[in-house]
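Visitor: Here you go, one structure.
The values are calculated or read from the model by the stated rules, or taken from the named source; none is laboratory data. Keep in mind that what you see is a predicted model, and the values were worked out from it rather than measured. Backbone-built Cβ (ideal geometry, glycine too); neighbour counts: all protein chains shown.
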């Protein structure tokens, strides 16, 4: 039980920052390209309360983490935040600008992963400090969760960000039929997750992305 509580304490802050920055980035870039929907609803904010979904951000990840720790001894996280509202028709050039609005979320997660790598580097420079070990562990968790969110959201599957990017890049004759998959996207995603196909597809990408990030900072974790 102590190990579970410690794991929750280590992962809580990185998870909150990851979802907050991801969602706020969507709203900020949408505002930059002409859509003020998220801004008017107060969603371009670093206040995590504005982005937390009770079920997707707290109950589902917490339950999965505790159950996986108890059964297989390794923490497993899966969840979602409250989506930032974006009215793509308000964008100055909707089809083109959609690409940048969608890419902003994964981009924010990449920056956060780099930030947490920097925190590990900082922890290494102060080995005698009582904050060094917790900061390093939190940094490892931060890299893990942000890389997973980034790679997952880049998949071209509705409602993930990668699908919006694909719609932006595809010609109109292909973009419209592709967008009609969206009502079934979440069901497909869950099916891929629990069948193990999702892990097989994104696992190598997650691993190599983490290797590149820690290599940039000369880390070995």
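Residue-wise test of (1) part of a helix (DSSP H, G or I); (2) modelled with pLDDT under 75; (3) in contact with a helix residue (DSSP H, G or I) (Cβ under 6 Å, 6 or more places away or on another chain); (4) crowded, with 21+ Cβ neighbours inside 10 Å.
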site: 3; (1), (2), (3), (4): yes, yes, no, no
site: 6; (1), (2), (3), (4): yes, yes, no, no
site: 9; (1), (2), (3), (4): yes, yes, no, no
site: 29; (1), (2), (3), (4): yes, no, yes, yes
site: 92; (1), (2), (3), (4): no, no, no, no
site: 98; (1), (2), (3), (4): yes, no, yes, yes
site: 113; (1), (2), (3), (4): yes, no, yes, yes
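Visitor: Something else: Using the structure shown, decide if residue 134 is modelled with pLDDT under 90 and either farther than 15 Å from residue 22 by Cα or part of a loop (DSSP other than H, G, I, E, B) (or both).
Guide: It is true that residue 134 is modelled with pLDDT under 90 and either farther than 15 Å from residue 22 by Cα or part of a loop (DSSP other than H, G, I, E, B) (or both).
Visitor: Of these, 84, 60, which one is modelled with pLDDT under 80 and within 20 Å of residue 105 (Cβ to Cβ)?
Guide: Unique residue meeting the criteria: 60.
Visitor: Tell me which of these residue 65 doesn't satisfy, since it passes every other one: (1) at pLDDT below 85; (2) surrounded by 18 or more Cβ atoms within 10 Å (Cβ to Cβ); (3) in a loop (DSSP other than H, G, I, E, B).
Guide: (3)
Here's the yes/no breakdown for (1) touching a residue at least 24 places away in the same chain (Cβ under 8 Å); (2) closer than 23 Å to residue 140 by Cα; (3) in a helix (DSSP H, G or I):
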{"position": "18", "(1), (2), (3)": "yes, yes, yes"}
{"position": "26", "(1), (2), (3)": "yes, no, yes"}
{"position": "34", "(1), (2), (3)": "yes, no, no"}
{"position": "39", "(1), (2), (3)": "no, no, yes"}
{"position": "57", "(1), (2), (3)": "yes, yes, yes"}
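Visitor: Right, another one. If you go through segment 178-221, how many residues are within 23 Å of residue 111 (Cα to Cα) and part of a loop (DSSP other than H, G, I, E, B)?
Guide: Total meeting the criteria: 5.
Visitor: Just wondering, is there one or more residues in segment 158-167 that are touching a helix residue (DSSP H, G or I) at 6+ places or on another chain (Cβ under 7 Å), modelled with pLDDT under 90, surrounded by 15 or more Cβ atoms within 10 Å (Cβ to Cβ) and within 19 Å of residue 107 (Cα to Cα)?
Guide: yes
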